[in-house]
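Accompanying notes for the structure given below.
The values are calculated or read from the model by the stated rules, or taken from the named source; none is laboratory data. Keep in mind the model is a prediction, meaning the values are calculated, not measured. Here the Cβ positions follow ideal geometry from the backbone for every residue, glycine too, while neighbour counts run over all protein chains shown. Ligands, DNA and RNA are stripped out before the accessible areas are found, and what is left, the full protein with its side chains, is counted by its heavy atoms. Shrake-Rupley method; radii C 1.70, N 1.55, O 1.52, S 1.80 Å.
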Amino acid sequence: MDSAYAEATKDTEFSLPEIKLKLNWNRNFKSAWLTFASIGALVAILAQAQTASAAYYGPGSNYYVRTNGSDLTVRTGPSANYAPVTAYRNGSRLPRVVGYRNGFARLSNGYYVAANWISNRPGTGYTPGPGVGGPTTLGLGSEGSAVARLQRILGVAPTGYYGSGTRSAVRNYQLRNGLRVDGIAGPETQGALGLY
């Protein structure tokens, strides 16, 4: 079969199409400048993205809470639907940021904070209130400055840990003030206490 193919094609001539290249310098020169400008814009955008990520991933970088003066709520997962664990005060140093998900920064301690409230410069000032990063509900196992503030208002020793003693104090307050008695300091209970 190979010899039959060779015999059939031995006298066959192949012709390649001619390519005529006409350069219109006015049109091509404008396109080249447009191309260079596009490449320059792309490089500038990538440089900005690299600078932004370096602010959070650079070696030896410090990470700070930078809010409108409120505390930054720390959560167990990357959403406002996850339970709050604690809150970092405005200007306080954060653990290293190791990743991002759903607009939340994952910290090296395994918790999440709203990414738009962290910076490589500390925030200044303090405004009492519920904090940023979603509503805060305090219950058994919660810890941090929000729990200590709640304990001070309730007259409990401010340990910063929401244990059974704090839960009992919250239940008593809820019972005395006509609130739903569940031992959890949610938005309604915190509002009645003047924390919101």
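Values computed for the structure shown
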read-out: All positions within segment 74-90 that are open to solvent by less than 60 Å² (accessible area, probe 1.4 Å) and at pLDDT below 85; value: S79, A80, A83, P84, V85, T86, A87, Y88, N90
read-out: Residue match in segment 69-92 (condition: hydrophobic (A, V, I, L, M, F, W, C) and over 18 Å from G186 (Cα atoms)); value: no
read-out: Given (1) open to solvent by less than 60 Å² (accessible area, probe 1.4 Å); (2) at pLDDT below 85, index of the condition G110 fails; value: (2)
read-out: Residue count for segment 184-193, restricted to those that are over 14 Å from V147 (Cα atoms) and open to solvent by less than 70 Å² (accessible area, probe 1.4 Å); value: 2
read-out: Pairs, first more than 19 Å from A87 (Cβ to Cβ) in segment 171-196, second open to solvent by 70 Å² or more (accessible area, probe 1.4 Å) and not in a helix (DSSP H, G or I), C-beta under 8 Å, six or more apart; value: Q174/R180; G183/L140; A192/N177
read-out: Condition met for L138 (out of contact with any His (no Cβ under 8 Å at 6 or more places or on another chain), farther than 30 Å from R101 by Cα and at pLDDT 80 or above); value: no
read-out: For F104: the one exception among (1) open to solvent by 20 Å² or more (accessible area, probe 1.4 Å); (2) modelled with pLDDT under 80; value: (2)
read-out: Complete set of residues in segment 71-114 that are out of contact with any strand residue (DSSP E or B) (no Cβ under 8 Å at 6 or more places or on another chain) and of a type in the set (S, T, N, Q); value: N81, N102, N109
read-out: Criterion: surrounded by 19 or more Cβ atoms within 10 Å (Cβ to Cβ) and either over 29 Å from V65 (Cα atoms) or in contact with an Asp or Glu (Cβ under 9 Å, 6 or more places away or on another chain) (or both) - qualifying residue of V181, V147, V170; value: V170
